[in-house]
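The values are calculated or read from the model by the stated rules, or taken from the named source; none is laboratory data. All of these numbers come straight from a predicted model, not from anything done at the bench. Every residue, glycine as well, gets a Cβ built from its backbone with ideal geometry; the counts of neighbours run over all protein chains shown. All accessible areas refer to the heavy atoms of the entire protein, side chains included, with ligands and DNA or RNA removed. Shrake-Rupley method; radii C 1.70, N 1.55, O 1.52, S 1.80 Å.
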Amino acid sequence: MSNVKPFLRALRGETITPPPCWFMRQAGRYLPEYREIRSTAENFLDFCFTPALAAEATRQPLRRYAFDAAILFSDILVIPHGLGQHVAFKQGEGPVLDALETAQDIAKLDVSMVKGRLAPVMETLREISSGLDEHTALIGFAGAPFTVALYMIEGRSGTEGTKIRQWAAERPNEFAVLMDVLCTATSAYLIEQVYHGAEALQLFDSWAGLLPESQFRKWVIEPNRRIVEAVHAVYPDVPIIGFPRNAGILYRDFVRDTGVQGVSIDATVPLDWAATELLPLCTVQGNLDNHLLLSGGIVMENEVRAILSALGNGPFVFNLGHGILPSTPPDHVGRVVDIIRGVV
Ligand code: 1CP
């Protein structure tokens, strides 16, 4: 049954017209109904770990836009929490973690705790999966090791990644231990997500573009490859989408060397380059600029049409280059979906 869903067919290499679509951060603060349920929990992690609330947040955007895929409502930072690191989300500030500073801090991370601490996420997946219609696919996700490690080492968002880049370059053997821990925990977590109903997976490597080629191969391509291999050893048919954001022309080697079935591209990737270099290798997902979505109007509409004409004749999934910004008018999202589906 599941392989008739258009999103899954696209990830298996079929060209679907009109292309399936979903948007990164399709659930979240730009929706008034999200802000309403979000206010019922004080702390964001509590919200993520309450299956009824997380399942409802997942479903909200589907009611408005009938997207072709639902994405589990959770966060990439549940993995550091699962490993025993202290993670909090401060209002207006984003995530705050007790930053790792030494090899001893890495040694304290406990992979054996992850399964128990993240059990509520599995309940959420079960709940979403049991209520989904036969057209809509369910995406599970995790952060890729480098991006998760960035928050674990920097302790917060909005940095240039100076600490993580120094640690990776100056003490690579210690850093490799952290990457091993994250590969192991993330692979097990994703396998568990598939067991509980996820039909496709996305690995978010949002900060991959900070690295020069040599470091990108070591800390982005290799860990993503290991996770794809581990998940496919258990579930060979589950499609995996990689998202090494801002990777430039390294997107091509990322796809070749990791074994992903799909690649999500950021808004800076030229459309003709993506069509000639990436479409022959795998399904491409992207790449409307989230700021153009915020602005709306004719500039946004022309961009949507350009993306459709450049990539719509290959295996393609329409998405953004990065997540929906909180101040985006919901009408703009509706307008894009109507254009994709040929309603306007
Ligand atoms: O109070 C709130 O509502 C908090 C805002 C929020 C939301 C809605 C955060 C905090 N996380 C989320 C949900 C979320 N995060 C999803 C849900 C599903 C969906 O897409 O609808 C997903 C997939 C993520 C993934 C995520 N979290 C990423 C990777 C994708 C990306 O945007 O690059 C990253 C980097 C995070 C970290 C994170 N979580 C939240 C914040 C404010 C941040 C920091 C972002 C930054 O450093 O810029």
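Annotations
- Under 5 Å between amide hydrogens, built in the peptide plane, is the criterion, and for residue 287 it picks out 319 among residues at least 5 positions away or on other chains.
- Calculated FRET efficiency for the pair residue 12/residue 273, C-beta based, R₀ 22 Å, to 0.05: 0.40
- Residue 156/residue 299 FRET efficiency (R0 41 Å; Cβ-Cβ; nearest 0.05): 0.80
- Charge dipole (Cα centre; +1 on Lys/Arg Cβ, -1 on Asp/Glu Cβ; no other charges) of the chain amounts to roughly 200 debye.
- Karplus 3J(HN,Hα) series, Hz, for the stretch 50-63 with 6.51 cos²θ - 1.76 cosθ + 1.60 (x for Gly, Pro): 9, x, 5, 6, 5, 5, 5, 4, 4, 7, 3, x, 5, 5
- Of all DSSP beta bridges confined to the stretch 28-267, the antiparallel ones make up roughly 25%.
- Estimated from the Cβ-Cβ distance and a Förster radius of 45 angstrom, the FRET efficiency linking residue 96 and residue 234 is about 0.85.
- Under a 5 Å amide H cut-off, with hydrogens placed 1.01 Å from N, residue 205 pairs with 144, 243, 245 among residues at least 5 apart or on other chains.
- Based on Cα contacts under 8 Å between residues 6+ apart, the stretch 28-267 shows a relative contact order of 18 percent.
- Legend: residues 34, 195, 151, 235, sorted from most to least accessible area (1.4 Å probe; ligands, DNA and RNA excluded), read 195, 235, 151, 34.
- Only Cα pairs under 8 Å and 6+ residues apart enter the sum, and on that basis the relative contact order of the stretch 286-325 stands at 69 percent.
- Fully extended contour minus Cα-Cα distance, from residue 105 to residue 173, at 0.36 nm per residue: 23.0 nm
- Trypsin sites (Lys or Arg not before Pro) within the stretch 20-61: DSSP coil, no more than 14 neighbouring Cβ in 10 Å: 29
- Across all directions, the shadow cast by the convex hull of the stretch 28-267 built on its C-alpha atoms averages 12.5 square nanometres.
- Cross-link reach is defined here as a Cα-Cα straight distance under 28 Å, omitting same-chain residues fewer than 8 places apart; for residue 218 the lysines meeting it are 108, 115, 163.
- Where the chain is the region considered: accessible area per residue in Å², 1.4 Å probe: 41
- Candidate residues 213, 56, 101: accessible-area rank, largest first, probe 1.4 Å: 101, 213, 56
- Helix-only [θ]222 nm of the chain, DSSP H runs n ≥ 4, -39500 (n - 2.57) each, per residue, nearest 500: -13500 deg cm²/dmol
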